[in-house]
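K.L.:
Just dropping this structure here.
Every number here is computed from the coordinates shown, using simple stated rules; none is lab data. Remember, it's a predicted structure, so these values are computed and weren't measured experimentally. No Cβ is skipped: glycine too gets one built from the backbone with ideal geometry, and neighbour counts run over all protein chains shown.
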Amino acid sequence: MKETIVVKIGGNASENLPSTFFEQIKTWWSMGKRVLIIHGGGPQISEWSEKLHLNVEKINGVRVTDSETLDVTKAVLLGLVQPKLCQFLANSGLPVIGLNSSDNHLLEGKYLNQAQYGEVGQVTHINSEWLSQELENQIGVLAPLAQTKDGHWLNVNADTAAAKIASQLQAEELVLLTDVPGVLNSGKVVPQLTETFANELFQQHVIKSGMMPKIKASFAALKNGVHQTFITNDLGRPGTQFQYVEK
């Protein structure tokens, strides 16, 4: 079976993809690896929410999502961010397909905590067999939205979704591509990070709440079968590599 690489792209990162991004995707593809890109769109969602005079609020890095914000989230992810990413990849000569949860029940989910977060969910089931088949012949670009069993859409944290999907696919590698070169301590990238050290940095307020979902997702992926996980701002540089030490 082909090895799979999952790359999660943040909203800021998707607007400023360097040439090394496309070069690395091409390299992986030429090596026969399956590639899945999961994209966020936080800054764009916030921008459009503010234009429409909707409240923008996050709790522990999770966007509070009422029904109007959910509509904006769907429109931005599926109508703006995803088509642009697909076009960039196609212009680089790569075969690409845009994906979302309505494709063959790709991502099913349930509410995370409706009273606290509103229309926010977590992924409970992935149609991994169908997804694996789609990734055989094209690079997937997937929006982090799930649907309940009765078809209700849910906003899902892209980092958490990427970790869940990478684990389900037993990916060789999960890369969280963001707008910083890695986890920073005193302005320098931490090359390797254990859970113990991550908790120490968080307690010292070195790691901020916005970075915590990425760190938790990285360790969750390692614990569930993903071989390697990284946070970086450039696929050409490893940034911070996560190390899971069994207790």
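K.L.:
Of the beta bridges DSSP finds with both residues in segment 95-144, what % are antiparallel, to the nearest 5? Numbers along the way, then the final one.
P.N.:
Working: 5 of 9 bridges.
Bridges in segment 95-144 that DSSP calls antiparallel: roughly 55 percent.
K.L.:
Looking at segment 1-120 only, what percent of DSSP beta bridges run antiparallel? Nearest 5 please.
P.N.:
Within segment 1-120, antiparallel bridges account for around 20 percent of the total.
K.L.:
While we're looking at this one, here's another question. Take every DSSP beta bridge with both residues inside segment 148-247 and express the antiparallel ones as a percent of the total, to the nearest 5.
P.N.:
Counting only bridges with both partners in segment 148-247, antiparallel ones make up about 35 percent.
K.L.:
Among 175-182, 157-164, what's the highest-first ranking by average C-beta atoms within 10 angstrom per residue?
P.N.:
In descending order of packing, they fall as 157-164, 175-182.
K.L.:
Now, a different point. For the pairs 33/110; 8/110; 58/188; 33/188; 26/164; 164/208, flag any whose C-alpha to C-alpha distance is greater than 29 Å. Before the final figure, lay out each step's value.
P.N.:
Values: 33/110 31 Å; 8/110 21 Å; 58/188 27 Å; 33/188 32 Å; 26/164 24 Å; 164/208 22 Å.
Beyond 29 Å: 33/110; 33/188.
K.L.:
A follow-up question, please. Contour minus end-to-end for residue 114 and residue 246, with contour as 0.36 nm per residue of separation and end-to-end as the Cα-Cα distance?
P.N.:
44.2 nm
K.L.:
In a Debye calculation with equal point scatterers on the alpha-carbon sites of the chain and no solvent, what is log10 I(q)/I(0) at q = 0.08, 0.12, 0.15, 0.16 Å⁻¹?
P.N.:
The calculated log intensity ratios at q = 0.08, 0.12, 0.15, 0.16 Å⁻¹ are -0.28, -0.65, -1.06, -1.21.
K.L.:
Additional query: Given the rule -39500 (n - 2.57) for each run of at least 4 DSSP H residues, summed and divided by the residues of the chain, what is its mean residue ellipticity at 222 nm, to the nearest 500 deg cm²/dmol?
P.N.:
Calculated from helices alone, the mean residue ellipticity at 222 nm is -10000 deg cm²/dmol.
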